[in-house]
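Working notes for the structure below.
The values are calculated or read from the model by the stated rules, or taken from the named source; none is laboratory data. Note that this is a predicted model, so its numbers are computed, not measured. Note: ideal-geometry Cβ built from the backbone for every residue, glycine included; neighbour counts use all protein chains shown.
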Amino acid sequence: MEDKEKRREENIGKYIEQLSDESTPYRLRAAEALAGCADPRAVEPLIVALADSENEVRWIAAQALGKLRDARAVEPLLLLLGDPDRWVRRGAAWSLGELGDRRAVEPILPLLADKKKDVRTAAADALAKLRDPRATGALTAAFDIEEEPEVRTAIRRALREITGEADL
């Protein structure tokens with residue numbers, strides 16, 4: 001058992017090192033691996049990876065932080081909600097929902113009007129997890145103008161989570 005624990009420690013160290021490797025695939029693999037390790041030491045290096053030059057690395061690092069559910073990630077993830085890359089915005093919204101910190105409610109609201117429907121869906125899903133009544137007005141307004149069925153369903157689900165009411 002000791003060997004297994006020692007190997008795990010070494011692997012976490014290697015993954016953290018690989019997060020700053022010049023090879024994008026290495027950085028991606030490292031971020032994915034750290035997402036599954038449930039180790040608090042992974043949080044700070046993943047936060048640094050949120051500034052990676054590659055969109056995909058930022059996206060995977062954002063999702064990894066959501067899986068690790070560490071409050072230190074909230075502020076850095078909030079900054080990513082305005083990222084030019086839709087996958088990064090989507091990953092940040094998803095992770096903020098996973099983290100459950102209500103400071104994310106107001107910053108997520110503008111994503112309900114994002115030009116990409118998957119980002120709008122991720123925003124509604126995150127707001128559903130946050131269950132904060134402050135989001136009700138924005139969700140209702142977004143529902144009234146939303147044309148995509150998938151996004152409408154996510155908004156309806158969010159409103160149901162927040163208000164407890166079944167119909168819209």
Output for the stretch 70-82, where each listed residue is closer than 12 Å to Leu46 by Cα and of a type in the set (D, E, K, R): Asp70, Arg72
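For residues that are of a type in the set (S, T, N, Q) and outside any helix (DSSP H, G or I), tally how many sit in the stretch 12-29. Write out each step before concluding.
Initial filter on the stretch 12-29 (of a type in the set (S, T, N, Q)): 18, 20, 23-24.
Those left that are additionally outside any helix (DSSP H, G or I): 20, 23.
Looking only at that region, the number is 2.
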One residue from Glu165, Glu146 being farther than 28 Å from Tyr15 by Cα and at pLDDT below 95: Glu165
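Conditions tested, residue by residue: (1) assigned to a helix (DSSP H, G or I); (2) under 13 Å from the mean Cα position of the chain (by Cα); (3) in the same structural domain as Ala126 (by TED's automatic domain parsing); (4) free of Cβ contacts under 8 Å to residues at least 24 places away in the same chain.
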position: Arg7; (1), (2), (3), (4): yes, no, no, yes
position: Glu10; (1), (2), (3), (4): yes, no, no, yes
position: Ala31; (1), (2), (3), (4): yes, no, no, no
position: Arg41; (1), (2), (3), (4): yes, no, no, no
position: Ile47; (1), (2), (3), (4): yes, yes, no, no
position: Asp52; (1), (2), (3), (4): no, no, no, no
position: Gln63; (1), (2), (3), (4): yes, yes, no, no
position: Lys67; (1), (2), (3), (4): yes, yes, no, no
Number of positions in the stretch 136-160 that are surrounded by fewer than 18 Cβ atoms within 10 Å (Cβ to Cβ) and within 18 Å of Glu106 (Cα to Cα): 4
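Determine whether Val43 is at pLDDT 95 or above, closer than 20 Å to Asp101 by Cβ and buried (at least 17 other Cβ atoms within 10 Å of the Cβ). Show your work before the answer.
Details: at pLDDT 95 or above: yes; closer than 20 Å to Asp101 by Cβ: yes; buried (at least 17 other Cβ atoms within 10 Å of the Cβ): yes.
Yes: the conditions hold for Val43.
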Residue check, Ala93 crowded, with 24+ Cβ neighbours inside 10 Å, outside the structural domain of Ile16 (by TED's automatic domain parsing), part of a helix (DSSP H, G or I) and modelled with pLDDT of 95 or more: yes
Number of the condition not met by Asp125 [criteria: (1) within 12 Å of the chain's Cα centre (by Cα); (2) outside the structural domain of Glu161 (by TED's automatic domain parsing)]: (2)
